[in-house]
Amino acid sequence: MTAEPVIDRQDSPTAAPPTVRASLSPSRAADFKTCPLLYRFRSIDRLPERPTVEQARGTLVHAVLERLFDLPAAARTPRSAGDLVAPQWDRLVTEQPELATLFAEGDATGPAEFLRSAAALLEGYFAVEDPRRLEPAEREALISAVVDEELLIRGYLDRLDVAPDGALRVVDYKTGGAPREAFEARALFQLKFYALVLWRTRGVVPRVLRLLYLKDAEVCDYAPDAEELLRFERTVVALWQAIEQATERQDFRPRPSRLCDWCAHQALCPSFGGTPPPFPAAGAGDPLTDARSRPAVPGADE
Ligand code: SF4
């Protein structure tokens, strides 16, 4: 969701209620949970991360799936989805020229293979869902809620389905090739985050949180309940307090794990013999204005 597919899904500034003094996206919260130093690199130092082919593919597939639902229901076929791949890629490259640098100049095979691999992921999608039978209520929607009276939590959900009886289903497309077990907890954390926002804004606990793993053509459903979301809300608030404390102390420690294999900042990480840059001056990367949602650990949010 992401992912945050990241490459073209930056949080736009939202008008926050006057009491709000901080905001947090699921990706940034998950960064801190995964590794405080990773959170610092991304949210405070705001170190650039070159998009990877895997992230770009995730972004492309998300874009195609979003546009697919613009078509009349009967036209949402595998062929239509395949026809959207190249035009959507052209659009993304026009909007984000840095994507063109993923392939060497004159390399005709790389881009062609890239588009083929995106089409293959779409086949995985059609193996688990028939979009002709679906009418999503929301796609690529920015949702937000205030918790603990002053923390704005927000994020983009890939899709929200609403049943005739009002039941909500949150759907997140996963396109990454990273081992699922390494990222499943992070993916579920992200979905619970959305569930909490929806519960707080609509008063309804989503009936299903659904992860669609396109590479494996698998569906993973999870049914949260209000008590669990209440506990989760406390976890998010505690996480934010821990981030504030770490910021005050300028103390973000590395927490090595399997996810380091997907971290773009190993060269600056003490766990890999590196040295982080000096802590930015106050306000330079003020985490209280966590206004951007940037690519998460590659493979995690795709
Ligand atoms: S390499 Fe690992 S420990 Fe170091 S910042 Fe990245 S995720 Fe954290």
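Every read-out reported here was derived from the displayed coordinates using simple, explicitly stated rules and does not represent laboratory data. Just so you know, these numbers come straight off a predicted model, no measurement behind them. A quick note on method: Cβ atoms are made from the backbone with ideal geometry, for glycine too, and the neighbour counts reach across all protein chains shown.
Dividing the convex hull volume of the alpha-carbon atoms in the chain by its residue count gives 136 Å³ per residue. Phi-derived couplings, Karplus 6.51 cos²θ - 1.76 cosθ + 1.60 at θ = phi - 60°, listed residue by residue for segment 121-138: 5, 5, 4, x, 5, 5, 6, 10, 9, 10, x, 5, 9, 10, 10, x, 7, 9 Hz, with x used for Gly and Pro. The lysines within cross-link reach of Lys174, meaning a Cα-to-Cα straight distance under 19 Å and a gap of 8 or more places when in the same chain, are Lys192, Lys215.
The magnitude of the dipole of the chain, with charges of +1 and -1 set on the Cβ of Lys/Arg and Asp/Glu and taken from the Cα centre, is near 320 debye. Considering helices alone, the calculated mean residue ellipticity of the chain at 222 nm is -12500 deg cm²/dmol, with DSSP H runs of length four and up weighted by -39500 (n - 2.57) and normalised per residue. Projecting the Cα atoms of Thr101, Ala185, Leu168 onto the charge dipole of the chain, computed from C-beta unit charges around the Cα centre, puts Ala185 farthest toward the positive end.
Shown in residue order for segment 52-62 are the 3J(HN,Hα) couplings computed by the Karplus curve 6.51 cos²θ - 1.76 cosθ + 1.60 at θ = phi - 60°: 9, 4, 5, 5, 4, 5, x, 4, 4, 5, 4 Hz (x for Gly and Pro). Taking the Cα atoms of segment 161-287, the ratio Rg/Rh between the radius of gyration and the Kirkwood radius comes to 1.05. Taking a ≥ b ≥ c as the square roots of the eigenvalues of the alpha-carbon gyration tensor, segment 127-178 is classed oblate because a/c is 1.5 or more while a/b is no larger than b/c. Taken about its Cα centre, segment 189-277 carries a charge dipole of roughly 80 debye when the Cβ of each Lys and Arg holds +1 and the Cβ of each Asp and Glu holds -1.
Looking at the square roots a ≥ b ≥ c of the eigenvalues of the Cα gyration tensor of segment 50-107, which shape do they give, rounded for a/c under 1.5, prolate if a/b is larger than b/c, or oblate? Prolate. Prolate is the label for segment 107-209, because the ratio a/c of its alpha-carbon gyration tensor axes (a ≥ b ≥ c) is 1.5 or higher and a/b is greater than b/c. When the alpha carbon gyration tensor of segment 173-222 is reduced to an equivalent ellipsoid, the three semi-axes, largest first, read 23, 11, 7 Å.
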